[in-house]
1. Just one of 46, 84, 98, 75 is at pLDDT 50 or above, on the phi > 0 side of the Ramachandran plot and not in a helix (DSSP H, G or I); which is it?
2. Could you count how many residues in segment 1-48 are surrounded by 15 or more Cβ atoms within 10 Å (Cβ to Cβ) and of a type in the set (Gly, Ala, Ser)?
3. Name the single residue that is modelled with the highest pLDDT among those in segment 49-59 being within 22 Å of residue 23 (Cα to Cα), surrounded by 12 or more Cβ atoms within 10 Å (Cβ to Cβ) and out of contact with any helix residue (DSSP H, G or I) (no Cβ under 7 Å at 6 or more places or on another chain).
Amino acid sequence: MKTIFVGPQGIRAGWRFAIFVFLLFGFSKLFFWFWTVLFHYQEHVGWLPTDFLLDGALSFGAALLAAWIMGSNGGRFRSMAFCGGRSSQSISGRAFCGDSPRRHS
């Protein structure tokens, strides 16, 4: 059963995409909920440009946050911070930073 979810390189791509879609949907709803609660926003009757701009901005923000989360963990919670500012794939091809020492700033 584990091979369905995890392959040789970590979580399989289909599951990563599913997690991204879940995060995108969740953050979208969360951002809109915060907007309506904090600013008492109500959509207008009919189609107005402000409603489209707000919905697009909130969705774009949710997409950026979901992409940042998925990009920073790569399905295995790896990030450039853990790799001393380098990419998480070492030159020698070893995944997850290889055996390189971390650089501290």
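1. Values: 84 fails: at pLDDT 50 or above; 98 fails: at pLDDT 50 or above; 75 fails: at pLDDT 50 or above.
Checking each option against the conditions leaves just 46.
2. So the answer is 2.
3. 57
The values are calculated or read from the model by the stated rules, or taken from the named source; none is laboratory data. As the structure is a computational prediction, the values presented were derived from the model and not from experiment. Positions of Cβ are generated from backbone atoms using ideal geometry, with glycine treated the same way; all protein chains shown enter the neighbour counts.
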